[in-house]
Structure formats: structure tokens, C-alpha cells
Amino acid sequence: MINKNEFRMNGNPNNGNGSNGNGRGKPDVRVNLFTAAEAADEPDILRLNDEIVEYEQTEELTHSPEQHAAVEKAIHDLLDAFNVNWDDPNYTDTPKRVAKAYMEYWASGYGRDPKDEVTVFPNSSRSNDIVMVKDMRFYSLCSHHLAPIEGYAAIAYIPDKNLLGLSKLGRILEIYARRFQLQERIGQQTADALMNLIKPKGVMVVLYNVTHGCMSSRGVKLHESNTTTMTSRGVFHNDPTLRSEVMSLLSLRNP
Ligand code: ZN
């Protein structure tokens with residue numbers, strides 16, 4: 001029985017500044033669904049009254065021969081655990097091939113910084129209308145299973161003093177998609193990168209018709225499901241009318 005329900009974001013009265021003390025200005029997120037005494041009555045219920053910890057992301061891509069060899073060995077060991085026949089030419093170079101694929105595609109977003117890859121232009125026409133690119137195909141791998149995530153993205157922003165080349169919206173998305181990811185996090189990181197880079201009035205990232213290999217490859221009905229996430233920052237966060245404007249642009253059919 002859950003009779004205490006408390007969900008708090010950005011409002012920890014203990015420090016009053018919205019910081020959780022990690023020095024990086026991350027929002028303070030706490031979930032406190034029931035007290036310890038109540039939880040003791042319900043031993044089978046997952047205890048949710050611990051603070052949510054934001055784990056530092058430590059992944060790196062060095063492209064060094066050592067890292068390449070380490071990935072290659074890991075793939076070799078995985079296949080070895082299945083006792084593959086290494087004389088079969090279909091397996092001979094598989095560890096090498098898979099390592100190369102991780103470095104060049106699946107994990108290639110690590111070690112890339114959006115600010116090194118885009119040029120920011122002044123908004124000389126002073127346009128303050130929505131700019132949106134949609135139907136961008138993206139590929140990723142889920143952190144939970146290393147299974148493929150694939151779907152479509154739409155990115156909308158309302159410029160302030162800066163503009164970005166349209167193709168660069170997809171470039172920034174790709175930097176965050178080509179990692180071990182959660183769908184939600186791809187949207188958040190892409191939106192935050194755009195906010196930092198061009199300081200627009202607002203950003204909205206919608207990832208839609210997204211299929212997760214870990215869901216589609218099992219289950220009876222789940223293989224037909226798809227997932228949509230929406231991340232909004234700035235004016236889009238504060239104004240539901242602007243958000244629905246983006247959603248109606250998104251539903252416009254291509255000719
Ligand atoms: Zn998964």
C-alpha cells in the first residue's frame with residue numbers, strides 16, 4: 001500500500017540552489033514514494049525512497065591500437081563462450097570486423113564534440129520562427145542489451161541570435177546516437193547540446209517510430225511496438241502551444 005507520494009524535481013529545500021552538489025548544476029531529482037516504515041510492511045515492493053543517482057558517463061573512444069585489441073579480444077571471448085569453430089572462415093575475422101564496426105559506427109559518437117563539427121551563423125534576418133528538420137533516420141545501441149535502436153528524429157528550434165546549418169542538426173543527433181544509449185538520453189543530450197551551442201529561444205527533439213531490437217526480437221505483441229520520446233527546452237518547455245505546433249508540423253505528410 002503506497003499512501004505517501006512525493007516526487008520532487010529542481011526543488012530540494014536543503015540547498016535551495018537547484019544543485020545536487022556535484023558542481024555541474026545538474027537538476028536535483030529525488031523520488032520518495034513511501035517511508036521506510038511503510039516499505040517494511042510491503043517487503044516485496046521495490047523500495048524507491050533512495051535518491052536517484054546520476055552516474056558519470058566515463059565511456060571513451062581513443063582509437064588506440066590497445067583499445068582496438070581490447071574490443072577484439074572481448075568479441076573473441078564472447079564467441080569462444082559459444083565454442084565456435086575458429087577454423088570456419090565465417091568466424092576467422094569476426095572479432096576484427098566487429099571491433100572495427102564499434103569504432104567506426106556503433107560507438108563512433110564518443111570523443112566527438114558538437115562544437116568541433118558545426119559552424120554557427122549570425123541570425124541576420126532576425127527570424128524568430130520555428131525551424132524544424134524531421135524524418136532523420138538514426139541508429140543507436142541500447143545500453144541495456146547492446147541491441148539496435150532505430151527510428152526517426154525531428155529537431156525544432158526557435159533561433160535567437162544564432163543559426164545553424166540545417167544539416168548540422170542531424171550531425172549533432174548522430175554524435176549522441178552513435179553511443180551506448182537510452183532513447184530518452186539521446187533526445188536530452190541532443191537538446192542540451194543545441195541549447196549550449198546556439199543559445200536559441202528553445203529546442204525540441206522528438207524521436208518517433210523508434211524500434212528497440214531488445215523488444216522486437218522477443219515477446220508476442222511487442223515486436224510491433226514503437227516508442228516516442230519528446231524533449232523540450234526553453235520556450236518549448238514553457239509553452240504547450242509551441243509544443244503542439246511542432247507536433248502538428250510533424251504529422252504533416254510528405255507529398
Ligand atoms: Zn535494450
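The values are calculated or read from the model by the stated rules, or taken from the named source; none is laboratory data. Small disclaimer: the values here were computed from a predicted structure and weren't measured. Cβ placement follows ideal geometry from the backbone for every residue including glycine, while neighbour counts extend to all protein chains displayed.
Criterion applied to 89, 13, 65, 43 was being farther than 29 Å from residue 185 by Cβ, at pLDDT below 50 and loosely packed, with under 12 Cβ neighbours inside 10 Å, and the one residue passing it is 43.
Can you name the residue in segment 124-149 that is in a strand (DSSP E or B) and over 14 Å from the mean Cα position of the chain (by Cα) and is also nearest to the ligand (Cβ to nearest atom) among such residues?
From segment 124-149, those in a strand (DSSP E or B) are 131-142, 148-149; that's our starting set.
Those still in the list that are over 14 Å from the mean Cα position of the chain (by Cα) too: 131-137.
On the way: 131: 32, 132: 29, 133: 27, 134: 25, 135: 24, 136: 22, 137: 19 Å.
Residue satisfying both the conditions and the ranking: 137.
Based on this model, can you work out whether residue 139 counts as surrounded by 15 or more Cβ atoms within 10 Å (Cβ to Cβ), hydroxyl-bearing (Ser, Thr, Tyr) and closer than 23 Å to residue 111 by Cβ? When the stated conditions are applied, residue 139 does not pass them.
Filtering segment 51-69 for residues that are charged (D, E, K, R) and in a helix (DSSP H, G or I) leaves a non-empty set.
In segment 77-84, is there at least one residue being within 27 Å of residue 210 (Cα to Cα) and not in a strand (DSSP E or B)?
Among the residues of segment 77-84, not one is within 27 Å of residue 210 (Cα to Cα) and not in a strand (DSSP E or B), which makes the answer no.
Of the helices (runs of 4 or more DSSP H) lying entirely inside segment 152-235, the ones with 2 or more residues being at pLDDT below 95, within 14 Å of the ligand (Cβ to nearest atom) and out of contact with any Gly (no Cβ under 8 Å at 6 or more places or on another chain) are found at 213-216.
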